[in-house]
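The structure appears right after this line, and notes come after that.
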Amino acid sequence: MDKLVIRGGNPLLGTVRISGAKNAALPCMAAALLTDEPVILENIPQVRDIETTRKLLAAMGAEVELGYGRAHHRTTICARTLAAPEASYELVKTMRASTLVLGALVARCGRARVSLPGGCAIGARPIDLHIKGLERLGAKITQEHGYVEAVTDRLRGAEIVFDKITVTGTEDLLMAATLADGETIMQNCAREPEVADLAALLNAMGAKIQGAGTSMIRVKGVTKLHGARHRIIPDRIEAGTFIVAGSLTGGDLNVAGCDPAHLTAILQKLAETGVKTVVKADSVRVMGDQPLQAADMNTEEYPGFPTDMQAQYMALTTQAEGTSIITENIFENRFMHAQELVRMGANIKIEGRRAIVRGGTPLSAAAVLASDLRASASLVLAALVADGETIIDRVYHLDRGYENIEEKLKAVGAEIRRVGNIFPKRAAAPAQS
Ligand code: UD1
């Protein structure tokens, strides 16, 4: 199993280019199931979750071409025939977002069979809201043997109010509603930029969607969608992670090819801690020449501070003077990075949904274990400023969502390398997020 070895202490200097957003690419790939014509997606990040989605779509009978060479960030998906509208447990268990195919499959094929995701490292994460919504659209749902089965002659437009804001739930039902008979009005929707990006693709395929990116989305169902070409938005979480890296290491880093409009809450919170940035149309330059001060932070749905940046923010606050209280409002049990940060010298206490970080303690290198995707990113950040050589185990979590992270960090001055098995196994890792 791969590990990352990072020697801390180098300031990050230069330019790093941000990849396409994994969380926009995944629903856009699922959306290709809605048509028998080719859908071409550009700016697809080369990360493991994309490869998992390729396998998932291919197992259903779709042709998925992931570009190589100069075209290596493009994928062409053609779901001409879908012999097996199913998502198996084998794939769903490694990537929970596989459940995103449920809505598209039942809308296009009239039936879908998708494994229930089960527990994962960052909490229970049920899909009851996806199921309730599909029932509102007229699908008959049964649950048996760990699978959800949805059947319909044709979905019917309906009014859906989400009990709770859910990102992939909004995306799943948005896809389903495009081919429903009549109008669907969805309220209390997730407002994430990834939802708006999916809607842009669906509209390019002939869907009639209004309001994506706000809490109310209207969809006028159509009978057929066609092929389209679409460019995925930049990854705001990758951008945020590099901005924190630039600041923590006392560097001068230009985070290029991002969309600062999607980073408002992150930049605002970082400014509160004393991080200095210069924001341009598609880049953020971060200068780490200021001391950092503590600032409390609550994770919220977009446009609030993203839960996917909580772990990275915690790494930053370990180096800020004073006490920061971090409240995780989206997922229970999303503080697994804290105990590893403590092993590196951080002073963090967890009380339920709150983490109390007493900052300003020097970090020292240690052997640490990545427990989920964003937790891994926070350990990389801590390692970049720790004294000595940190070894991060189970970096396959990181590979799910960060494209070429070690090459990107190395190019701006980090001392980082990937190695095979160099120390004995510690306790088994919890299930993946
Ligand atoms: C998406 C993101 C993930 C991010 C999360 C929150 C993708 C592929 N993943 O995950 O990176 O951390 O949004 O921004 O885009 N919930 C229910 N019932 C449901 C669905 C969700 O109770 O049917 C709960 C969840 O347990 C959680 C909250 O709602 O507490 C939000 O989850 P949700 O927005 O659905 O997260 P994901 O879409 O899985």
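Bear in mind these aren't lab numbers, they're just calculated from the coordinates by the rules spelled out. All values derive from a computational prediction rather than experimental measurement. Glycine gets a Cβ as well: all are built from the backbone with ideal geometry, and neighbour counts include every protein chain shown.
Setting aside same-chain residues fewer than 8 positions from Lys410, which lysines have a Cα under 16 Å from its Cα?
Of all the lysines, those that pass the test against Lys410 - Cα under 16 Å, at least 8 places apart if same chain - are Lys3.
Reported to two decimal places, what Rg/Rh ratio describes segment 263-312 when computed on Cα atoms with Rh from the Kirkwood expression?
That ratio is 0.97, to two decimals.
Defining a contact as two alpha carbons under 8 Å apart and six or more residues distant in sequence, what relative contact order in percent does the chain show? Write out the running numbers ahead of the final one.
Details: 1094 pairs, mean separation 92.1, N = 433.
After rounding, I find 21 percent.
For the chain, set up a Gaussian network in which alpha carbons nearer than 10 Å are linked by springs, and say which option among Ile18, Ile131, Ile356 fluctuates the most.
Evaluated over the chain, the most mobile residue of the options is Ile356.
Using 1/(1 + (r/R0)^6) with R0 = 22 angstrom and r between the beta carbons of Val151 and His226, what's the FRET efficiency to the nearest 0.05?
Efficiency, rounded to the nearest 0.05: 0.30.
Tell me the Rg and the Dmax, in Å, that the Cα atoms of segment 192-267 produce.
Calculated on Cα positions, Rg and Dmax stand at 16.6, 55 Å.
Does anything in segment 312-327 have its amide N under 18 Å from the 7 Å Cα→Cβ label point of Glu351, and if so which residues?
Of the residues in segment 312-327, 322-327 have backbone N under 18 Å from the label point off Glu351.
Just subtract the alpha-carbon distance of Glu51 and Thr214 from 0.36 nm times their residue separation and send over the number in nm, one decimal. Numbers along the way, then the final one.
On the way: separation 163, 0.36 × 163 = 58.68 nm, distance 3.03 nm.
Between Glu51 and Thr214, full extension yields an extra 55.7 nm.
So what is the relative contact order for segment 22-231, in percent, with contacts set as C-alpha pairs under 8 Å and at least six apart?
21 percent
Sum -39500 (n - 2.57) across every DSSP H segment of at least 4 residues in the chain, then divide by the residue count to get the 222 nm mean residue ellipticity, nearest 500. Don't skip to the end; give the middle numbers.
Numbers: 14 runs with 131 residues, N = 433.
After summing the helix terms and dividing by residue count, I get -8500 deg cm²/dmol.
Nearest 10 degrees is fine. How inclined is helix 193-204 to the longest principal axis of the chain, computing both from alpha carbons?
30 degrees
Over all alpha-carbon pairs of the chain, lay out the pair-distance distribution in 10 Å bins, whole %, shortest bin first.
Once binned at 10 Å, the Cα pair distances of the chain give 5, 22, 32, 24, 13, 4, 0.
Relative contact order (percent) for segment 247-302, with alpha-carbon contacts under 8 angstrom and 6 or more residues of separation? Mind showing how you got there, number by number?
Numbers: 80 pairs, mean separation 24.2, N = 56.
Answer for segment 247-302 is 43 percent.
Which whole-number percent of Cα pairs in segment 83-206 have a distance greater than 23 Å?
When all Cα pairs of segment 83-206 are counted, 25 percent exceed 23 Å.
Highest first, please rank the peptides 23-29, 147-153, 229-235 by the mean number of other Cβ atoms sitting within 10 Å of their residues.
23-29, 229-235, 147-153
Once you put a point 7 Å from the Cα of Leu13 and another 7 Å from the Cα of Gln293, both along the Cβ direction, what distance in nm separates them?
2.9 nm
Test of understanding: what is the full-extension gain from Gln339 to Ala83, defined as 0.36 nm times their sequence separation minus their Cα-Cα distance?
87.5 nm
Treating the angle as unsigned and between 0 and 90°, give the value, to the nearest 10°, between the Cα long axis of helix 236-248 and the longest Cα principal axis of the chain.
Result, in degrees: 0.
What angle, in degrees between 0 and 90 and rounded to the nearest 10, separates the Cα long axis of helix 167-178 from the longest principal axis of the Cα atoms of the chain?
20 degrees
Restricting to Cα atoms and excluding each atom paired with itself, what does the Kirkwood estimate give for segment 1-88 in Å?
14.7 Å
Work out how much length Thr142 to Ser364 would gain on full extension: take 0.36 nm times their residue separation and subtract the Cα-Cα distance, in nm to one decimal.
Answer, rounded to one decimal: 74.7 nm.
If the cut-off is a Cα-Cα distance under 17 Å, which aspartates and glutamates reach Lys132, setting aside same-chain residues fewer than 8 apart in sequence?
Glu144, Glu149, Glu159, Asp163, Glu171, Asp172
How many percent of all Cα-Cα pairs in segment 22-231 sit more than 25 Å apart? Please list the in-between numbers first.
Numbers: 6247 of 21945 pairs.
I get 28 percent for the Cα pairs in segment 22-231 exceeding 25 Å.
So for segment 288-432, Kirkwood radius off the Cα pairs, Stokes-Einstein at 25 °C and 0.890 mPa s: how many µm² s⁻¹?
157 µm²/s
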